[in-house]
Structure formats: structure tokens, C-alpha cells
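Shown next, in C-alpha cells, is the structure this report addresses.
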Amino acid sequence: MKGRLGFLVKTFLWTVMVFIIAKVGFMLSCGHDYSYSFGDIVDVSVHGLSLDLSTALYLLIFPLLVVLVSYLWQGKVIIRILQGYFLLISIAFALAFVADASLYPFWGFKLDASCLQYLDSPDEAMASVSVGYLVVRFILLVVISAAIFYPYHFITSRKPFTPRPHFLSILLFLLFIPVFIVGIRGGTGESTTNIGQVYYSQNQFLNQSAVNPIFNFFYSMSHTLGDIGQYQVMSEEECKKWTSNVYTTESIDNDTLLKTTRPNILVILMESTGEEQQKAMPYLQQLKSEGIYFSNCYGNSWRTDRGTICAYSGYPSFPSVSVMKMPQKSNSLPSIASSLQAAGYSTSFLYGGDINFTNMRSYLLATGWEHLYSMDDFTSEEQETSAWGVRDDITFKRLFDHLTGKAEASDTSRFLWGFSTLSSHEPWDVPIRKYDDEVLNAFAYLDQCLQNFIEPLKQTPVWNDLLIIMLADHGLNYRDINQTKPVERNHIPLLWIGGAVKEPRRIDTICNQSDLAATLLGQLRISHDAFTFSRDVLSASYTYPTAVHNYNNAQLMIDSTGYILYDFDARKLTMCRSTDSLRLVSVNKAIMQLTTKDLKER
């Protein structure tokens, strides 16, 4: 038992050590153009450790199985099998480390599955490097492989599998399996191991240095755009023709809704709050008469991670992939935060859940959010008030304290706050009981939280220059409101209130949540040219109001003629409530072709 256990522990520890050494090597070889200190190297190693541990456990699965087999059968073959395995992974490690450090200066992001697309054209891939460059990399590959393999060989050759153990030892080893599973997924919480959990800095080089390239490679394979050939159905010229009046990004003679072009701004992204759920939210309905209500806004997608990017980056969603789970893509996006940061705003974000979930941390840090607050900034007792983290009434209270403290600290500084609620989500565990229906009850609780936050805020100095933007991250399947009724299901609120609002208005123009970025920046007279797929819906250039929503390889499109739902797997309409459906199908396909091409090339 001790010999076998010692073998697994030593193997695990050496694997983790290899990953840490590789991080240091990566920073030394790729950090010439970046400023960092010895303390940063330590921080990178510490923050990246969670991914290293998880990856090491993945790679220990095969040795564990061999150890179990050794209980029934011993001999030199067992040793040779293990040494063969360790030789393969040593070469794989060396290849990954060398490729990662070699490609990073060219690509600017960590090794991922996108490198596989060059395997079918190696001549083109090699054209940009010299023979000497390749020779040096080959030598490094051999030397690093040997350096990694030798300790594995030494550990394995110590004959750890004798004598034969008794039944209790076998049972104890079997009990290790649940430990492996928990370790690999990163714990027992809602969030599983992902790239974003190691991000900790505004310096993207430090964040990327902390990422384990082995983990990143395999992770990216499960979160790629896949074959976009199914969306490339027309020529580029035809695609441009159909979309020429869809994505008009400039602001021309746009209506003015605000008293100032430099308000303080709070964006509240309300979890799952479709229009249907607002029947249980009388206070939110009241606010619609006090502010600017965009009555025909639709969610781009059906998940928080996707809706978050749509709202803050003005970027479209996609049927089968989450852009937030693809850091090399999401980190390159524009965002409201980065645009306002450049205009002198401080930027902060608060979420009561696990901010590592779906790589949220990496996206936020990479796109201009300076200060992040999450469940880790609350007490352990507060963290357990909801299945997803800290309950909304607690986070709203913390947000109130931040906003009013900011106002008292400085009258001249401008701020942007982002805030995502979480309690209006399964399992609907909220501390009030207004309705027997648990779903409606959860939204009544959210409504109560909004009222308890906004009404006192109106009595503070911060209200005078404040613009609060409230919108949902996505809609919700509720009773008969589901994807069979896509328009109703994805109809979400978009509401602007606060002392910075000039007067109450109702705007009935069809739009998407992804249009928030251009519309807001247009009001602030800040350029939004980088937001290719976000439209200023108050601009004279917005001549063709449309909205799209996609899921499961299907995309809904809405315009003044009605709506259609096109299934890209079936290659046909599955719903049609438009008086001009043939044109809508062409525009819908062109939009998908244009947006997926942009994502592929980004």
C-alpha cells in the first residue's frame, strides 16, 4: 500500500512541479516586451496552481488504473507500460511547452486547438521561420523531454508494486476515485475548472502566463466554433448586400435622452428576467414610467455568459459556442468598460457568485474592468445564503455602500459599475414567500431588492448624475413561454432611469441587448466604431430595426414584418410569422455567415 501510494504521490508532485517550472520558463522566454518582477513570477505560479493540480490529476488517471491492475498481476511489463506512458507524456509536455513559448510572440495568446488548423498546410506554417529557428526548437524539445522523463523513470524503477496487498488496500485505492473526480472538476461547487479562474491581473501577460498550456489546449478543443462551413452559404458580395443596412454603427443626429454626456453609470444585468416574469415585479413596472423604456428589446441568447458579452461588448451570440469560454476570442472584444475607462471613468464589477464561472473573470479583466468583487469578498456565512452564492439583497446592500461611498470620496471622478444579480435562477431559493409559484416568488424578491436599493439611492447626492441601466441577461422558459414562443420567451426589459435622465420616454424600436453599447456610447458622444455589431438605435442611421436570437443551431429573426426561426441543421424554416419570409431567411443566413466569420478570424 505505502509503495503504491508513494508512487502516485511522487508522480503527481513531479507533474505539478513540471508545470510550475514551465510557467517560469514561459515568462523568461516570452516576457521581453512586458514589465514584470520576481514577485510577479511567484504570483503567476500561485494563481496558476489550481489548473496545474487539475491537469496533473487528469494525467494521473492512467497510472492509478495501472496501480489497481498491479494488485492482480505483477511483473516487469507493468513497469514498462508505465515508463512508456511517461515517455509519451514527457514528449507531449515538451512539445506543448516549446510550441507555447514559440507561438505566443506571434499569436499573443496561449497554445490552443487553433494550431491544429495548420497541420494540413505545414509548408505555410513553416514559411515564417528559419531553419535555425526550427533546429533550436528541436534541440529544446529533446532536452526538455529528457529532463521531464528522467524523474518519472527514476520513480517508476523503484519497484513500488511489491508485495501483494490485501483486500483493504485495494478498497482504499478505489476510494481515491471520487477524490480524483472532485479534484479534476475543481471542487463540488457550481463552477468547474476553467481558464478564467487563474486570471488575477489587469496585465494580460501575467494572466496568460498563469494558464496551463496542456489544459488550455484540450479545453479549447471542447469550446471551438467548429465547422463554420454550414454557415457559409453565399458569396461575400451577397452577404454584404443582405447585411448592409443591418449593422450601421455610426451615430447620426441621434436623439438626446440624458442631461449630461458624462453621467455616472450603473448597469444592472438581471438574471433571467424576461417580460413574462415581470408580472411579479410591480416596482419595475413603476420604474418604466419614470425612465426611458425600450419596449421592443430582445435577448441575443439564452445563457448568462453569452448575454453578458452581448450586453457589455455589443457582440453577437452564436448557436453552439460560448465566446466567454474562448478567452483568446473574448479577450479581444471591445467593451463599454474599456471605452469608458479610456474616457476617464473608473470601472468596477460586482457579482455575488463565483466570478470564475464560464471564464467570466478573464473576460472582465481583459475588457477594461479594473476592480472585481465576487462571493470571495463576502463572509463565509453570506456565501452560503444562495445555491449560487451571495443572495441579492446582500449584494445590493454592498453595491449601495460602494456607490454612496464613491460619491462622497470625489465629486469629480466618473464611475461605471456593472452588477449581475443571481437569485432569480433555479433553484429559486429566496428568503420571502409572496407567491406559491416559486418562479414568480423569486422575481418578486428581485423586485423587492430593486426597490430597497433604488428608493434610498434617490435620497443621496449620487442620484443626481447617475444613469442606471437595467436589462436582462436572457429570457426564461416559464410555463408555456418557451422556445416554441420565441418572441415572447426572448423579450427582455431595457430600462434607463436615474437623475441623469432628461425625461421619461418610451422607445418602441426593435433592438437587441447587444445594441446597448453603441446606443449608450452614442449618448455620451464617445466613438463606438470598434463595436461592429452594435447599433445606436437612436441614430438616424438605424433604418432597419431588427433583432436576432440563437440557440441549438437555430436563429430567430424579428423585424417589422414579423419573425422567422431558421434551423441550420435542418436547413429550413421551423417557424414563420412574417409577411416577407423569403427575404428574412436570406438576411438571417447572411447575419450568421457574417458573425461566425468574424468570430473565426478574431
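The values are calculated or read from the model by the stated rules, or taken from the named source; none is laboratory data. Just so we're clear, the structure is a prediction, and the values are computed from it rather than from any experiment. For neighbour counting, all protein chains shown are included, and Cβ atoms are generated from backbone atoms with ideal geometry for every residue, glycine included. Side chains are part of the model used for accessible areas, which takes the heavy atoms of the whole protein and leaves out ligands, DNA and RNA. Shrake-Rupley method; radii C 1.70, N 1.55, O 1.52, S 1.80 Å.
Summary of computed values
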| item | result |
| --- | --- |
| Under 11 Å, Cβ to Cβ, from ASP480 - net charge with Lys/Arg +1 and Asp/Glu -1 | +1 |
| Binned Cα-Cα distances of the stretch 490-533, short to long, each 10 Å bin given as a whole percent | 20, 53, 27, 0 |
| Euclidean distance of C-alpha centroids, the stretch 467-534 and the stretch 1-28, integer Å | 49 |
| Eligible lysines near LYS600 by straight Cα distance, threshold 18 Å, same-chain separation 8 or greater | LYS110, LYS240, LYS325, LYS329, LYS589 |
| Cα gyration tensor shape for the stretch 429-566, rounded if a/c is under 1.5, else prolate or oblate | oblate |
| Accessible area, probe 1.4 Å, largest first, for residues LEU95, LEU266, LEU57 | LEU95, LEU57, LEU266 |
| In Å, descending, principal axis extents of the Cα set of the stretch 485-602 | 49, 33, 24 |
| Eligible lysines near LYS259 by straight Cα distance, threshold 26 Å, same-chain separation 8 or greater | LYS288, LYS406, LYS458, LYS502 |
| ASN512 long-range amide H proximity, modeled H, under 5 Å | TYR298 |
| Taking the stretch 269-337 and dividing mean pair separation by its residue count, relative contact order in percent (alpha carbons under 8 Å, at least six apart) | 22 |
| Percent RCO, i.e. relative contact order, over the stretch 401-533, from Cα pairs under 8 Å lying at least 6 residues apart | 17 |
| All-pairs Cα distance distribution in the chain, expressed in whole percent, bin size 20 Å | 18, 47, 29, 6, 0 |
| Karplus (6.51, -1.76, 1.60) ³J(HN,Hα), θ = phi - 60°, over the stretch 367-382, in Hz, Gly and Pro reported as x | 10, x, 8, 7, 10, 10, 10, 9, 4, 5, 8, 10, 5, 4, 5, 5 |
| Around ALA94: net Lys/Arg minus Asp/Glu count, Cβ-Cβ under 13 Å | 0 |
| Relative contact order [Cα under 8 Å, 6+ residues apart], the chain, whole percent | 20 |
| Neighbourhood charge, 13 Å Cβ-Cβ cut-off, centred on ASN203 and excluding it, Lys, Arg +1 and Asp, Glu -1 | -4 |
| Span-like helix ranges in the chain, DSSP H, alpha carbon extent 18 angstrom or more, Kyte mean at least 0.0 | 2-30, 49-70, 76-107, 131-156, 438-457 |
